[in-house]
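> This is the structure I want to talk about, given as C-alpha cells.
The values are calculated or read from the model by the stated rules, or taken from the named source; none is laboratory data. It should be emphasised that the depicted structure is a prediction, and the values quoted were computed from it without experimental measurement. Reconstructed Cβ throughout: ideal geometry from the backbone, glycine too, with neighbour counts over all protein chains shown.
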C-alpha cells in the first residue's frame, strides 16, 4: 500500500479550490432563486442544489447562506400554498403579494451579504 503524500501548499490549493467552488454554487443558487420569481423550475433546482451540497459548506461562512436559502424556499412555499388556498377570498391575493415581496427581499438581502463576504444571521 502506498500512501500519497501532499505538501502543505498542495493541501492549501485544494482547500482554496473547494472554497471557490462552494462560493460559486452559493451564487448560482441565489441566481436560480431570483429566476424563480418568474418561473417555478429554478426555485426547485435551487433547493435541490442546496440539499445536495449542504455537507460541502458545513462549518464555513457559506453554511449560513445555505440555511438562509433553504428557509427562504420552504417559507415561500408555505405562504404561497396558503395564498392559493385562500385565493377565493381577498386575503389570498394579499398573502401571495406579501409572500412575493418577502421572497424578493430575502434573495436580495442574502445576495448582498454574500457579495460582501458576510455570514447570514439565519
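> Across the range 32-41, what is the total count of residues that are within 19 Å of residue 120 (Cβ to Cβ) and surrounded by fewer than 14 Cβ atoms within 10 Å (Cβ to Cβ)?
Residues in the range 32-41 being within 19 Å of residue 120 (Cβ to Cβ) and surrounded by fewer than 14 Cβ atoms within 10 Å (Cβ to Cβ): 0 in total.
> Would you check which residues across the range 55-81 are surrounded by 14 or more Cβ atoms within 10 Å (Cβ to Cβ), over 10 Å from the mean Cα position of the chain (by Cα) and modelled with pLDDT of 95 or more and list them?
Result: 75, 76, 77, 79, 80.
> While we're looking at this one, here's another question. Enumerate the pairs (first residue in the range 36-58 and on the phi > 0 side of the Ramachandran plot; second residue anywhere and loosely packed, with under 14 Cβ neighbours inside 10 Å and outside any loop (DSSP other than H, G, I, E, B)) with beta-carbon separation below 7 Å, excluding pairs fewer than 6 apart on the same chain, so at least 6 apart or on different chains.
Pairs that qualify, where the first residue is on the phi > 0 side of the Ramachandran plot and the partner is loosely packed, with under 14 Cβ neighbours inside 10 Å and outside any loop (DSSP other than H, G, I, E, B): there are none.
> Can residue 19 be described as closer than 23 Å to residue 115 by Cβ and at pLDDT 90 or above?
When the stated conditions are applied, residue 19 does not pass them.
> Of (1) more than 14 Å from the chain's Cα centre (by Cα); (2) surrounded by 17 or more Cβ atoms within 10 Å (Cβ to Cβ); (3) within 30 Å of residue 16 (Cβ to Cβ), residue 116 satisfies all except one. Which?
With (1) more than 14 Å from the chain's Cα centre (by Cα); (2) surrounded by 17 or more Cβ atoms within 10 Å (Cβ to Cβ); (3) within 30 Å of residue 16 (Cβ to Cβ) applied to residue 116, the lone miss is (2).
> Then there is this: Tell me, which residue of the range 82-105 that is in contact with a helix residue (DSSP H, G or I) (Cβ under 7 Å, 6 or more places away or on another chain) and within 20 Å of residue 30 (Cα to Cα) is surrounded by the most Cβ atoms within 10 Å (Cβ to Cβ)?
By that ranking, first place goes to 103.
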